[in-house]
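**Q** Have a look at this one before I ask anything.
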Amino acid sequence: MSALAAALRKDLLLQWRTRAQVVAIFVFGASALLLFSFAIGPHAAALRQHAAGFLWLALLLSSTLALAESFQSEMEHRALEGLLLLPADARALYYGKAIANALQLTLLGVALVPVMVVLYDAGTARLPALLGIIVLGSAGLSAPGTLYAAMTAQARARQTLLPLLLFPLVVPVLLAAVKATSLLILGDPMGQIRSWAVLLVSFNAIYWSLCGLLFERVVED
Amino acid sequence: MRDYSTRPYALGGLGIALLLWGSTWGLLFAPREAYMGDVQRIMYVHVPTAWNAMLALTFAFACALFFLLRGGWEWDARLEAAIEVGVVLSTLLCMQGAIWAKPTWGVWWDWDPRLTTMAVLLFAFGGILALRQFVDDPVKRAVWSAVAVVIAYVDVPIVYFSVKWWNSLHQMQSSPETVSRAFHWPLRINAFGVLLLVAGLIDLRTRLAALRREGELAAPPVVAERATPAPIGAAGGTP
């Protein structure tokens with residue numbers, strides 16, 4: 001547990017020290033939101049209809065940058081090898097990094113919401129529920145994303161590989177998060193948000209445990 | 001150990017013979033379907049392709065588990081073969097599906113759970129094939145692709161149910177239980193035909209993968225020097 005806390009502290013510190021990177025990723029996500037609106041054209045109703053989808057696509061695209069970056073720093077000066085030599089479980093390293101990535105993506109998602117509200121006029125009064133969906137969706141992207149980033153950081157053509165592996169896998173996260181967010185924005189007369197949240201929770205439960213188990217095999221040499 | 005048996009050729013040959021028999025029966029002698037007409041005859045290849053695509057990818061999952069739990073290069077070779085054949089079958093399946101969908105549903109593509117799951121699987125496993133191409137170290141390549149296969153395969157039911165909640169329109173699956181008796185035999189013969197052909201292809205591809213791995217693991221001198229440091233005092237070695 002203390003190993004996990006130390007790993008998490010290390011990753012959060014690393015993110016804090018490279019906060020310019022986080023800001024750059026946010027600007028990337030915001031510009032993606034701006035560009036999506038050009039694909040639809042200036043139709044207020046249509047933009048509002050698709051706002052949730054655009055928000056999650058922007059977050060998904062930004063997440064590949066954030067996830068890849070999180071392991072890039074471990075590759076410099078063979079830092080990962082040094083970490084693996086420490087008398088700590090590799091799982092602690094994985095969970096530290098995955099939680100730090102999930103927090104970063106949550107922050108990014110929360111920061112993108114005002115941009116979405118301004119550009120698409122897609123606000124909601126149910127802010128705690130929206131925050132919950134963003135937390136669950138970010139965690140769902142981060143669990144397999146961190147594991148894949150550990151692989152692709154060491155492979156050739158890493159910029160191509162990470163999205164190639166991650167995008168098909170997170171289809172359920174994207175579907176559930178977009179549906180839930182869309183219901184929050186456009187109204188939920190049938191009370192369906194709950195079942196989409198349950199789907200997100202199940203995806204997270206499966207992948208947070210499975211990826212934790214498999215991480216050791218990925219980084220061992 | 002090199003395997004020069006003619007088993008894959010025998011399996012593949014028998015599979016092709018069965019496919020020819022079943023398809024001739026299905027195309028020429030089986031009755032026309034009442035609503036869809038002759039278009040429905042694509043079922044005789046579409047449904048066997050679907051079953052065997054799932055079977056090949058399930059076999060890949062089993063190989064990945066065996067590799068991760070027990071180790072052994074033969075499982076990596078089988079994994080490589082199964083992913084590749086599975087991806088080819090899934091591509092064929094999506095193409096046949098589109099060809100069947102256009103005249104019957106009026107669209108090439110529909111966001112139905114099975115169709116979408118298959119497309120997601122195709123991209124997930126295609127990505128794993130790409131991963132294998134971009135990793136040079138054979139050990140890392142084997143472990144990573146096995147891990148990626150486990151992760152991707154576990155996603156299948158989640159994708160299926162999430163898309164099912166999201167949207168649906170596909171007709172009920174065709175199987176000997178859901179289609180009329182007159183269609184049974186060509187469907188069954190073709191299913192076994194594709195199965196044998198797939199088994200032969202996987203067998204042959206496994207052999208190829210094993211030979212390649214043998215070449216890679218018989219490391220060239222430069223790599224061998226790095227991988228196994230010369231003992232102290234060995235000729236030319238400076239400790």
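**Q** Across the residues of A:142-150, average count of Cβ atoms on other protein chains within 10 Å?
**A** Mean shielding count: 2.
**Q** Moving on to the next point. Run the 1.4 Å probe and let me know the accessible area of residue B:102, rounded to the nearest 10 Å².
**A** Approximately 80 Å² of residue B:102 is accessible to the 1.4 Å probe.
**Q** Tabulate in residue order the Karplus-calculated ³J(HN,Hα) for the range B:146-154, using 6.51 cos²θ - 1.76 cosθ + 1.60 with θ = phi - 60°, rounded to whole Hz; enter x for Gly and Pro.
**A** Listing the rounded values in order: 5, 4, 5, 5, 4, 4, 5, 5, 4 Hz.
**Q** Between the alpha-carbon centers of the range B:48-99 and the range A:135-195, tell me the distance in whole angstrom.
**A** 25
**Q** For the full complex of protein chains and a 1.4 angstrom probe, list B:114, B:141 by accessible area with the highest value first.
**A** Final ranking, largest accessible area leading: B:114, B:141.
**Q** Give the residues of the range B:127-157 whose amide nitrogen is closer than 20 Å to a point set 7 Å from the Cα of residue B:212 in the direction of its Cβ.
**A** The answer is B:127-150, whose backbone nitrogens lie closer than 20 Å to the label point.
**Q** Still on this structure, I have one more. Given the protein assembly as shown, what count of lysine pairs have C-alpha atoms under 29 Å apart, with each pair 8 or more places apart or on different chains?
**A** Numbers: A:10/A:97; A:10/B:140; A:97/A:179; A:97/B:140; A:179/B:102; A:179/B:164; B:102/B:164.
Total qualifying Lys-Lys pairs in the protein assembly as shown comes to 7.
**Q** While we're on this one: Percent of Cα-Cα pairs more than 36 Å apart in the protein assembly as shown, please.
**A** For the protein assembly as shown, the fraction of Cα-Cα distances above 36 Å is 39 percent.
**Q** What order, most packed first, do the peptides A:27-36, A:141-150, B:148-157 have when packing is the mean number of other Cβ atoms within 10 Å of each residue?
**A** Averaged packing, sorted descending, gives the order A:141-150, B:148-157, A:27-36.
**Q** When you count, for each residue, the other Cβ atoms within 10 Å and take the mean per peptide, how do A:113-123, B:193-203 rank with the highest first?
**A** B:193-203, A:113-123
**Q** At 222 nm, what helix-only mean residue ellipticity would chain A give, in deg cm²/dmol to the nearest 500, using -39500 (n - 2.57) for each DSSP H run of four or more?
**A** My calculation for chain A gives -29500 deg cm²/dmol from helical runs alone.
**Q** Same structure again: Roughly how much of residue B:216 is accessible, in Å² to the nearest 10, using a 1.4 Å probe?
**A** Per-residue accessible area (residue B:216): approximately 70 Å².
**Q** In addition: For the range B:206-214, what does the Karplus curve 6.51 cos²θ - 1.76 cosθ + 1.60, with θ = phi - 60°, yield as ³J(HN,Hα) per residue in whole Hz, taken in order and with x for Gly and Pro?
**A** Per residue, the Karplus-derived 3J(HN,Hα) values read 4, 4, 4, 4, 5, 5, 4, 5, 4 Hz.
**Q** Largest first, how would A:156, B:78, B:132 line up by accessible area (1.4 Å probe)?
**A** A:156, B:78, B:132
**Q** Per residue of A:159-172, what is the mean number of Cβ atoms on other protein chains within 10 angstrom of that residue's Cβ?
**A** 6
**Q** So what does residue A:158 come to for accessible area, using a 1.4 Å probe and Å² rounded to 10?
**A** Residue A:158 exposes around 90 Å² with every protein chain in place.
**Q** Further question: Taking each residue in B:152-159, count the Cβ atoms of any other chain within 10 Å of its Cβ, then average. What number comes out?
**A** On the way: counts 4, 0, 5, 9, 0, 2, 11, 7.
Per-residue shielding by partner chains comes out at 5.
**Q** For the range A:28-40, what does the Karplus curve 6.51 cos²θ - 1.76 cosθ + 1.60, with θ = phi - 60°, yield as ³J(HN,Hα) per residue in whole Hz, taken in order and with x for Gly and Pro?
**A** 4, x, 5, 5, 4, 4, 5, 5, 4, 5, 6, 5, 8
The values are calculated or read from the model by the stated rules, or taken from the named source; none is laboratory data. Bear in mind that the values here come from a model prediction, so they are computed numbers and not experimental data. FYI the Cβ positions are ideal-geometry reconstructions off the backbone, even for glycines, and counts take in every protein chain you see. Keep in mind that these areas ignore ligands, DNA and RNA; they rest on the heavy atoms of the full protein, side chains included. Shrake-Rupley method; radii C 1.70, N 1.55, O 1.52, S 1.80 Å.
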